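Enquirer: One structure follows; several queries about it will come next.
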Amino acid sequence: STTLAESLRVLSGEQRFGSASSLIGQFVTGLADENGIHQSGIVEAIRFSDDGRPVLQLSNGGELPLEQLARVEPPSRAAEALIGQAVAGLDRRNRKEPAMAEGVVVGVRTEPSGEVLLELDTGNDLRFRDVITVTPAGT
């Protein structure tokens, strides 16, 4: 029975890893925390907490425990929902000199590489993964 219990523990861990790793590249939103804030972002990596629970590492630097996951959607669909919203982000395409970018989202396009870009009313664009804040336009 010890061998069976160990085999089930290993199988369960592999299943959690497989489920969590399938979220890499997807836009996720978590359940609201005690302050009513929803953690969200593009999943870039998975790590496991000390007790073996999967934690999603997000493109904005945040982390979301898998058990707090509320919604999963493709980045392009989530980006399209930002049209008409004001965004600000740290454009990290030039790693040596990241630059702040902000404006109202007027369009969305997907590069051949699969990278989703937000077209801003300033004439600039911002990678969806680099967005830090979103607010209704005009506020």
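Enquirer: At 0.36 nm per residue, and after removing the present C-alpha to C-alpha distance, how many nm does the segment from Ala81 to Glu115 gain when stretched out fully?
Expert: 10.6 nm
Enquirer: Figure the gain on full extension for Ile132 and Arg53 (residue separation times 0.36 nm, minus the Cα-Cα span) and round it to one decimal in nm.
Expert: Gain on stretching Ile132 to Arg53: 25.8 nm.
Enquirer: At 1.4 Å probe size, with every protein chain present, just tell me what the per residue accessible area of the chain comes to in Å².
Expert: 61 Å²
Enquirer: Still on this structure: Determine the share of segment 1-122's accessible area contributed by carbon and sulfur atoms, expressed in whole percent, with a 1.4 angstrom probe.
Expert: 50 percent
Enquirer: So what are the ³J(HN,Hα) numbers for segment 115-129, from phi and the Karplus equation (6.51, -1.76, 1.60; θ = phi - 60°), rounded to whole Hz, Gly and Pro as x?
Expert: Residue by residue, segment 115-129 yields 5, 8, 10, 9, 8, 9, 5, 7, x, 8, 10, 9, 4, 4, 5 Hz.
Enquirer: Which value, in Å to one decimal place, does the Kirkwood hydrodynamic radius take for segment 36-107 when every pair of different Cα atoms is included?
Expert: 14.2 Å
Enquirer: Which whole-percent values make up P(r) of segment 17-60 when all C-alpha to C-alpha distances are grouped in 10 Å steps starting at zero?
Expert: For segment 17-60, the pair-distance distribution reads 29, 50, 21, 0.
Enquirer: Please compute, over every Cα-Cα pair in the chain, the percentage with a separation greater than 24 angstrom.
Expert: It works out to 39 percent of all Cα pairs.
Enquirer: Can you list residues from other chains, or at least 5 along the same chain, whose modelled amide H is less than 5 Å from the amide H of Arg127?
Expert: Hits under the 5 Å cutoff: Leu118.
Enquirer: Taking H as built 1.01 Å from N, whose amide H comes closer than 5 Å to the amide H of Gly107, not counting residues under 5 places away?
Expert: Under 5 Å from the amide H of Gly107 lie the amide H atoms of Glu119, each far enough along the sequence or on another chain.
The values are calculated or read from the model by the stated rules, or taken from the named source; none is laboratory data. Since we're looking at a predicted model, the values are computed, not measured. Side chains included, ligands, DNA and RNA excluded: accessible areas come from the protein's heavy atoms. Shrake-Rupley method; radii C 1.70, N 1.55, O 1.52, S 1.80 Å.
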